[in-house]
């Protein structure tokens with residue numbers, strides 16, 4: 001185990017670049033913090049590339065650190081502060097390779113989709129994207145990230161998934177229209193969630209086992225051309241006391257209704 005005391009150490013400066021998208025893409029790696037995420041990553045059958053452990057965390061989490069099967073650097077509290085984005089960090093910073101369960105949506109991979117799917121179109125909040133991934137994994141649904149969604153490998157998104165992204169079936173489409181076209185080419189029905197004159201109320205129409213629901217951007221919703229391309233439109237029934245639901249909350253309601261009685 002190597003010990004690092006300088007914030008200007010080249011390895012520390014390199015690891016710190018992984019907190020930014022440009023650095024992650026350049027290295028083909030990502031990073032995350034915390035005990036639970038590391039436990040889930042190992043439970044998924046993967047070994048991290050390296051760990052940076054604050055001195056006071058070495059003994060506290062020794063068994064977990066030893067089970068990681070990777071290079072470990074012990075660092076001072078000052079050095080760890082250069083890596084962390086957490087307000088109350090636990091003292092374990094993990095560097096890992098990109099996940100093989102996150103794939104581009106294509107003519108080939110769309111054939112892998114089994115069961116219900118949820119597609120997010122330009123959903124930009126890391127917390128929302130991570131929460132939907134967590135919900136989809138819990139209900140055994142596929143998730144498709146379309147267009148300008150929050151980076152799934154952002155530390156904020158990873159944290160919001162609570163480790164579910166290590167197990168979930170995640171696909172990435174260039175645009176929402178590409179997603180709709182690819183799904184329909186395999187005979188799957190795509191249901192837009194939007195308030196339109198022809199929208200049907202969730203719970204009052206039959207949901208097929210391989211339907212895909214599409215949720216739009218937090219502020220703008222789905223684009224008109226995307227709604228037009230979808231097979232039908234659905235809305236969540238509400239009391240009228242609120243205008244809409246948070247995107248992640250809406251996705252949870254939709255997926256629960258789609259999977260109700262089927263698990």
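The table that follows gives values for the structure above.
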{"item": "Estimated [θ] at 222 nm from DSSP helical runs (n ≥ 4, -39500 (n - 2.57)) normalised by residues in the chain, nearest 500", "result": "-9000 deg cm²/dmol"}
{"item": "Equivalent ellipsoid semi-axes - Cα gyration tensor, region 141-182, angstrom", "result": "21, 12, 6"}
{"item": "Computed lengthening from residue 185 to residue 106, 0.36 nm per intervening residue step minus Cα-Cα distance", "result": "27.4 nm"}
{"item": "Rule-of-thumb Rg ratio for region 102-259 [Cα; 2.2 N^0.38 Å; N residues]", "result": "0.94"}
{"item": "Over the chain, relative contact order from alpha-carbon pairs under 8 Å, at least 6 apart, %", "result": "19 percent"}
{"item": "Virtual spin-label span in nm between residue 35 and residue 257, 7 Å along Cα→Cβ", "result": "4.0 nm"}
{"item": "Region 26-69: Cα Rg divided by the 2.2 N^0.38 Å rule of thumb", "result": "1.16"}
{"item": "Largest-first ellipsoid semi-axes for region 2-97, taking √(5λ) over the Cα gyration tensor eigenvalues, angstrom", "result": "18, 17, 12"}
{"item": "GNM flexibility winner over the chain from 62, 43, 98 (Cα, springs under 10 Å)", "result": "62"}
{"item": "Listed residues 30, 205, 52, most fluctuating in the chain (Gaussian network, C-alpha, under 10 Å)", "result": "205"}
{"item": "Mean Cα-pair separation over length for region 2-97, i.e. relative contact order, pairs under 8 Å, 6 or more apart, %", "result": "43 percent"}
{"item": "Fraction of beta bridges assigned by DSSP in the chain that are antiparallel (%, nearest 5)", "result": "25 percent"}
{"item": "Cα centroid separation - region 192-210 against region 46-86, whole Å", "result": "47 Å"}
{"item": "GNM top mover of 170, 79, 190 - the chain, alpha-carbon springs below 10 Å", "result": "79"}
{"item": "Centre separation in Å (Cα based) which lies between region 1-45 and region 135-161", "result": "20 Å"}
{"item": "Among 155-166, 192-203, the order from most to least packed when residues are scored by Cβ within 10 Å on average", "result": "155-166, 192-203"}
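FYI, it's all coordinate maths here, none of it is from the lab. Fair warning: this is a prediction, and the values are worked out from it, not measured in the lab. Methodologically, a virtual Cβ is constructed for each residue, glycine included, from the backbone with ideal geometry; neighbour enumeration extends over all protein chains shown.
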